[in-house]
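Just below is one structure, and these are the notes that go with it.
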Amino acid sequence: MKHKNLIDLEYMTKEQLEQTIRLAGVIRQRPDVYKHACDGKIMATLFYEPSTRTQMSFQTAMMRLGGKIIGFDNPMNSSVAKGENIKDTITVISGYADIIAMRHPTEGSAKAASYYSSVPLINCGDGGHFHPTQTLTDVVTLSFEKGRLDHLRIGLCGDLLNGRTVHSLINTMCRFEGNSFVLISTKELSVPPYIKEIMEKAGCEYTEIDNLKDAIKDLDVLYMTRIQRERFSSEEEYESQKGVFVLDKEKLSYAKDDLIVLHPLPRVDEIAIEVDDDPRACYFKQAEYGMYGRMALIVLLLRAEDSFSFKTPDPIVSEAHKCSNPKCITNDPQQFYLPRNFYKKSGKVYCDYCDHIAE
C-alpha cells in the first residue's frame, strides 16, 4: 500500500529522510526561494491536546511557504464536543484542506485517522506512541550540529516508557550505522519491550542505567525529557518520579566538550536554567530547526508526483484478536467502526494501530 500519510518515520525510506534533511538545510539558507511554494494551499491543524512548539511550528512553516491555516487547538471548540468520531471529523476536514497535521492523546489515533483522509495526514503525536515530526526535528538538529547521523553515542534520559519522542528517535537512529544508546531512567519508566526489540534487531548496543552523572561522560548526544504528568494515572505516581533526573552545571562538567544537549520541550525542572548559557545546550536551536524540517516535509508531501510517498505492508484483519493496550484507539468505544488490523512479527501478533501485542 502506497500513501502520503506520515504516521511514523519507520515507513520513510532512508533516502527520503536524507532528502528531507537536505531540503530543510536549503530552506534554512534560502527561505526567500520557498516563500510561495504553497500559495493557494490550506493546512488543517487538528490538535486534540495542548501544544505550543509543534502546533505553532507547523502553522509558521505553512505560512512561511505562502499557505493558509484552518483547524482547532481545543477539541471542545469543535464538533468533537458533541461526540463526533475521528472518522467523520477527518472525512469532512480532508474535503476542506490540502494537508492535515493532527495531534491526539490516544495511541494509534493517527493510523486510524489516515484511513479516512483523502489528503496527506501528518502525525503530530498520538499519545505515548510516536511523534515523527519531533524526530524529524531531532535528526535535522543532529545533522546541522554534529554533521552526521551515524556512529553517535546517544543518551536518553527521563520518561522513556511514555516518551513518544524517545520511541521515534530510537526507531529512526537504529537505521544509521554504528549508533548506540544509553537509556537513563528509573526501572518504572524504562523503554517498553518493543523498543528494545527494535534496537536488538538492528544490532545497536544499548545500556540501561539509573544515574545521569555516571552516564554523561562518554555521550555525543544527551536527549533529556520531562516526566509527563499527563501520562500518569494518579498524582502520587507522578510525584514519585518527578525530579529524579536533573541536568545542572555540575553534571554537565563531566561531559565532553562537543556534547550536544537536546530536549523536545517543554521542560519543567529536568534541565536547570543555568545550563541554557552553555554552548552545548541546543534545545532552543532545535525548536527553530524543527520549523525548517516541517517546511521541507510539507513541500515534499504536497508535490503532485508520487515520488515522495510511503509504502506500508497490508495489515491482517482479524476479529479473533484484540489489542492489549487500554490506551489504544481500538479500545475506545466511540471508535467502534475501526477495522481490527494487526501484523505478525517474530511469531507474535501486534496491533497495527499502536504496535502493542495482541490478545
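The values are calculated or read from the model by the stated rules, or taken from the named source; none is laboratory data. No experiment lies behind these values; they were computed from the predicted model shown. All Cβ positions, glycine included, derive from the backbone under ideal geometry; neighbour counts span all protein chains shown. Side chains are part of the model used for accessible areas, which takes the heavy atoms of the whole protein and leaves out ligands, DNA and RNA. Shrake-Rupley method; radii C 1.70, N 1.55, O 1.52, S 1.80 Å.
Worth a mention:
- Residues satisfying the criterion are absent from the range 326-340 (criterion: of a type in the set (S, T, N, Q), open to solvent by 10 Å² or more (accessible area, probe 1.4 Å) and not in a helix (DSSP H, G or I)).
- Scanning the range 266-278 for residues that are in contact with a Ser or Thr (Cβ under 9 Å, 6 or more places away or on another chain) and either aromatic (Phe, Trp, Tyr) or open to solvent by less than 30 Å² (accessible area, probe 1.4 Å) (or both) yields one hit, GLU270.
- Test: residue in the range 145-155 that is in contact (Cβ under 8 Å) with a residue 40 or more places away in the chain, assigned to a loop (DSSP other than H, G, I, E, B) and buried (at least 24 other Cβ atoms within 10 Å of the Cβ): no
- Residue selection: GLU49 satisfies the criterion of being in a loop (DSSP other than H, G, I, E, B) and surrounded by fewer than 23 Cβ atoms within 10 Å (Cβ to Cβ).
- Top-ranked residue of the range 87-136 - restricted to ones that are more than 21 Å from LEU300 (Cβ to Cβ) and among the polar types (S, T, N, Q), ranked as surrounded by the fewest Cβ atoms within 10 Å (Cβ to Cβ): THR91
- Residue within the range 25-45 that is farther than 15 Å from LEU301 by Cα and of a type in the set (S, T, N, Q) present: yes
- Residues that are in contact with a Ser or Thr (Cβ under 9 Å, 6 or more places away or on another chain), modelled with pLDDT under 95 and β-branched (Val, Ile, Thr) within the range 187-208 comprise just one, VAL191.
- Taking the range 52-68 as the range and being open to solvent by 20 Å² or more (accessible area, probe 1.4 Å) and in contact with a helix residue (DSSP H, G or I) (Cβ under 7 Å, 6 or more places away or on another chain) as the test, the residues that pass are ARG53, THR60, ARG64.
- Near pairs, Cβ below 9 angstrom, 6+ apart or cross-chain, from the range 191-214 (under 13 Å from MET173 (Cβ atoms) and part of a loop (DSSP other than H, G, I, E, B)) to any residue that is at pLDDT 95 or above and small (Gly, Ala, Ser): CYS204/GLY178; CYS204/SER180; GLU205/SER180
- Just one of the listed residues (ALA296, ALA304, ALA320, ALA281) is under 30 Å from ASP32 (Cβ atoms), surrounded by fewer than 19 Cβ atoms within 10 Å (Cβ to Cβ), hydrophobic (A, V, I, L, M, F, W, C) and out of contact with any Asp or Glu (no Cβ under 9 Å at 6 or more places or on another chain), namely ALA304.
- Members of the range 299-358 that are of a type in the set (Asp, Glu), within 17 Å of ASN5 (Cβ to Cβ) and touching a residue at least 40 places away in the same chain (Cβ under 8 Å): ASP306, ASP314, ASP352, ASP355
- Single residue of LEU252, LEU247, LEU297 found to be of a type outside the set (Val, Ile, Thr) and within 30 Å of PRO31 (Cβ to Cβ): LEU297
- Selection status of ALA44, open to solvent by less than 30 Å² (accessible area, probe 1.4 Å), over 20 Å from PRO264 (Cα atoms) and in contact with a helix residue (DSSP H, G or I) (Cβ under 6 Å, 6 or more places away or on another chain): yes
- All of LYS256, LYS249 fail the test of being exposed (fewer than 15 other Cβ atoms within 10 Å of the Cβ), in contact with a helix residue (DSSP H, G or I) (Cβ under 6 Å, 6 or more places away or on another chain), of a type outside the set (A, V, I, L, M, F, W, C) and modelled with pLDDT of 95 or more, apart from LYS249.
- Whichever residue in the range 181-190 is surrounded by 16 or more Cβ atoms within 10 Å (Cβ to Cβ) and without any contact (Cβ under 8 Å) to a residue 60 or more places away in the chain and, among such residues, is nearest to GLU18 (Cα to Cα): PHE181
- Considering the range 307-317, the residues that are assigned to a loop (DSSP other than H, G, I, E, B) and surrounded by 13 or more Cβ atoms within 10 Å (Cβ to Cβ) include one that is modelled with the highest pLDDT, namely PRO315.
- Single unsatisfied condition, GLU84 versus (1) closer than 27 Å to LYS311 by Cα; (2) at pLDDT below 95; (3) open to solvent by 60 Å² or more (accessible area, probe 1.4 Å): (1)
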